[in-house]
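This report concerns only the one structure given below.
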């Protein structure tokens, strides 16, 4: 039963690679941002699981919280940038 | 074998399943707005379930309070981020895909405007 | 700085308590040194943001909002979580279906909510519930993307908008008006 979280971490690492297709392939910039956000969300879970494997949950949870904030702010910043400087502005 | 260990593992597995669904949906669904459904809902529930499962596994401690904070934060920010991105796309003129529409050129699932926007933002993959 | 109003002072107190709780949660040390450092830094943040705090928590009195009914909110949150579970199962079923039976549509409608809080409540709830995402929200006018035919029905039948209105009023009347469902790019 102790190995459960190691296996879970491996599975999550595989799951993280799937949205990478969307980031690389597009077709629009928004799809890429969506894929990047999805990768960030799953990475959060992976970090907590790694913390459980190493028995240092207290330390890794702080990292996860910081990562969650960064992920959110990154998405919001790009969305804000794209709303203010879209193609409609150039007309 | 503790009951909270087993229960926590079951909930975490369910969360991992929903994270997998979010990933597959992101690749399979036809256009941006439909993909936003996959990340906006499945991923949110996946993270909430995994965090809640670890909370059950951990019991009552300072760590589980932090996990609760993370749960709250994700539940609050995930729909906001999805909404911000879709709003940006809608304002930029990205047309959603409808069932009646014919498939666009170059394998682009939405109509011509989506590809035209891509050219405008200079993010084309080929050449 | 001029004289503090009562709501302003209360806002500052609430912010101070929240910041201090966050500090204690993150540090995990409860000895005199760490707690006093937390008090000093929370107070510094509150004082630096003193003019901001006028508009934080007790907006209701400042703008004449109807007070939110807390009992209803406590009932609403489990319902919302249950809706999130249903939504995710629905999306999972669609994604794993080999032919992907999706039929996207855009729903435009207006609401008569008196305040921003209700609007934000509805917008976030729509984004979290089965197959619908809020695309745009302008002065009570919503534009919503629905993934399937079934998913739009919650809005067309006014199920959710009424539930949100019930958070603020005892007997909510009709909420939604000017409803329009768009199913092809030509109608946009």
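The values are calculated or read from the model by the stated rules, or taken from the named source; none is laboratory data. Predicted model, so just to flag it, every value in this text is computed and none were measured. Don't worry about glycine lacking a Cβ; one is built from the backbone with ideal geometry, like all the others, and counts go over all protein chains shown.
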Inset, instruction - With the condition kept exactly as written, say whether any residue in segment B:20-39 is facing chain A (nearest Cβ under 8 Å), surrounded by fewer than 24 Cβ atoms within 10 Å (Cβ to Cβ) and under 25 Å from residue A:60 (Cα atoms). - result: yes
Inset, instruction - For segment A:26-69, name all the residues that are in a helix (DSSP H, G or I), closer than 26 Å to residue B:89 by Cβ and free of Cβ contacts under 8 Å to residues at least 12 places away in the same chain. - result: A:31, A:32, A:69
Inset, instruction - Examine segment B:50-58 for a residue that is out of contact with any strand residue (DSSP E or B) (no Cβ under 8 Å at 6 or more places or on another chain), within 18 Å of residue A:40 (Cβ to Cβ) and modelled with pLDDT of 85 or more, and state whether such a residue exists. - result: yes
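Table: residues versus (1) within 7 Å of another protein chain (Cβ to nearest Cβ); (2) surrounded by fewer than 14 Cβ atoms within 10 Å (Cβ to Cβ); (3) at pLDDT 90 or above.
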{"site": "A:28", "(1), (2), (3)": "yes, no, no"}
{"site": "A:33", "(1), (2), (3)": "yes, no, no"}
{"site": "A:39", "(1), (2), (3)": "no, no, yes"}
{"site": "A:57", "(1), (2), (3)": "yes, no, no"}
{"site": "A:69", "(1), (2), (3)": "no, yes, yes"}
{"site": "A:73", "(1), (2), (3)": "no, yes, yes"}
{"site": "A:82", "(1), (2), (3)": "yes, no, no"}
{"site": "A:89", "(1), (2), (3)": "no, yes, no"}
Legend entry - Residues located in segment C:155-167, provided they are buried (at least 22 other Cβ atoms within 10 Å of the Cβ) and touching a strand residue (DSSP E or B) at 6+ places or on another chain (Cβ under 8 Å): C:155, C:161
Legend entry - In segment A:2-17, residue modelled with the highest pLDDT [restricted to those that are facing chain B (nearest Cβ under 7 Å) and closer than 18 Å to residue B:7 by Cβ]: A:8
Legend entry - Any chance residue B:25 is in a helix (DSSP H, G or I), in contact with a helix residue (DSSP H, G or I) (Cβ under 7 Å, 6 or more places away or on another chain) and within 30 Å of residue C:104 (Cα to Cα): yes
Legend entry - Where residue A:20 falls short, out of the listed (1) facing chain B (nearest Cβ under 8 Å); (2) over 26 Å from residue B:54 (Cα atoms); (3) under 12 Å from the mean Cα position of the chain (by Cα): (1)
Inset, instruction - Please work out which one of (1) crowded, with 24+ Cβ neighbours inside 10 Å; (2) over 15 Å from residue C:126 (Cα atoms); (3) more than 7 Å from chain A (Cβ to nearest Cβ) is the condition residue B:65 fails and give its number. - result: (1)
Inset, instruction - Could you please tell me which pairs satisfy a Cβ distance under 9 Å, a separation of 6+ or placement on different chains, a first residue in segment C:26-55 that is not assigned by TED's automatic domain parsing to the domain that holds residue C:10, and a second residue that is assigned to a loop (DSSP other than H, G, I, E, B)? - result: none
